[in-house]
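Bear in mind that the values in this text are calculations on the coordinates, not laboratory data. Just so we're clear, the structure is a prediction, and the values are computed from it rather than from any experiment.
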Amino acid sequence: MKHLKLTALATATALTLAPALQAETLRHAIGAAAVSGLLDGTEAWAEHIKQATGGEVEVKIYAGSLLNFTETFTGLRDGIADSGFVVPAYHRAELPYANLLSDMGTAGVDPVAMAGAANEFMFTCQPCLAEFNAAGQIFLGNTVTGPYYMYNQEPVQSLEDFEGIKVRGFGPFSRWLDAMGASAVSLGATDIYESMSQGHIDGNVHTLETLDTLSTGEVADYALNQPVAVFIGNTMFNVSQLTWAELDATTKRAMIDGAALGHAIATIDSVNQAKTILEDPQAHGVELLEPSADVKAKSEAFRTSDMETVVSLNRDTYGIGDAADQVARFQELVAKWEALVEGIDTSDPQAVGDLYLEEVFSKVDPATLG
């Protein structure tokens, strides 16, 4: 397969389009300061923009300082930041279609394929793009992280152990907790450590790397070796409409194309982090517990039936009339992308980024984004 190369594209773009901005510095907000693949992906995105604009536009990353994850949604609308990491799960009423996509974390098991499918889904879904526009934002893609696991202060291995415990989780992770017999608690990522340390919650369903990046390995003692689902709702590079309206064609193109590599880096890093922690969980503060047979069986039954739940939930509770069609379309895209990634090294961010670029991001017309 002949892939478009981001570096070559950046050079060509910078030479053929005259930039309108001079030494412009854009402010990008990401709600956490810890070193992670999400931050690595953001830095790669920023570097691509700088290179593609010949140094005319730079992105300064404010990690854990300018806006937190919940504030970024309105912060972009109000122009406090030029771009930022938005978590749609915190804004379900305003972003019903983005949350429909996030709900489908059980549709596949390969984060790299799921990210490709998710981005093709979103960029070809007019109501998906429109709801971000209504919030004063331009959508520039999703990173997929995971799979998610549960970690707790007390050992949880059997269905009986789930009874009566309160665990932070949302979307498909909340539904899994309900199926297991636990009580799901909705909570922002930056509040997890304090809530666990004070005993308000017993555990958290999250990527294993958060044992380090959120320091929850200090307050959790056990992790259950039962992958739940992946998380699709990481819109890492959303741009304020106020800023987008002032950008020239070169910068818009650079932001779109650079997102392909940024999402690839962040997605692959999440996979690698999970593998590393599973190999030596005690180095990250937890003992890894194997699930009992009843937990394995219940989890598989949940995964098998969850797409039907996603349809009814989003149609009947959140008013998405075409939920069934959208779920079916995404499942078709997952199958397509599972086949596409078989032809590349999915551990290579450049190869994955080139595939994302060729199949999705290079086809996005900036004029269609709002």
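Quick rundown of the values:
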| read-out | value |
| --- | --- |
| Relative contact order, percent, the chain [alpha-carbon distance under 8 Å, six or more residues apart] | 26 |
| Degrees between helix 37-52 axis and first principal axis of the chain (Cα, 0 to 90, nearest 10) | 10 |
| Helix 171-180 vs. the chain, principal-axis angle (Cα, 0 to 90°, nearest 10) | 10 |
| Global geometry of the stretch 100-155, whether rounded, prolate or oblate, following the gyration tensor of its Cα atoms and the 1.5 cut on a/c | prolate |
| Helical mean residue ellipticity (222 nm; -39500 (n - 2.57) per DSSP H run of 4+; nearest 500) of the chain | -14000 deg cm²/dmol |
| C-alpha long axis of helix 293-312 to longest principal axis of the chain, angle in ° | 50 |
| Members of 296/363; 60/166; 166/296; 60/363; 252/336 lying beyond 30 Å, as alpha-carbon distances in this model show | 296/363; 60/166 |
| Amide proton proximity set for residue 165, modelled H, under 5 Å, gap of 5+ | 183 |
| Whether the chain is rounded, prolate or oblate, judged on the alpha carbon gyration tensor where a/c under 1.5 counts as rounded | prolate |
| Of 220, 339, 229, the one that fluctuates the most in a GNM where the chain has Cα springs shorter than 10 Å | 339 |
| Residue 288 long-range amide H proximity, modeled H, under 5 Å | 223 |
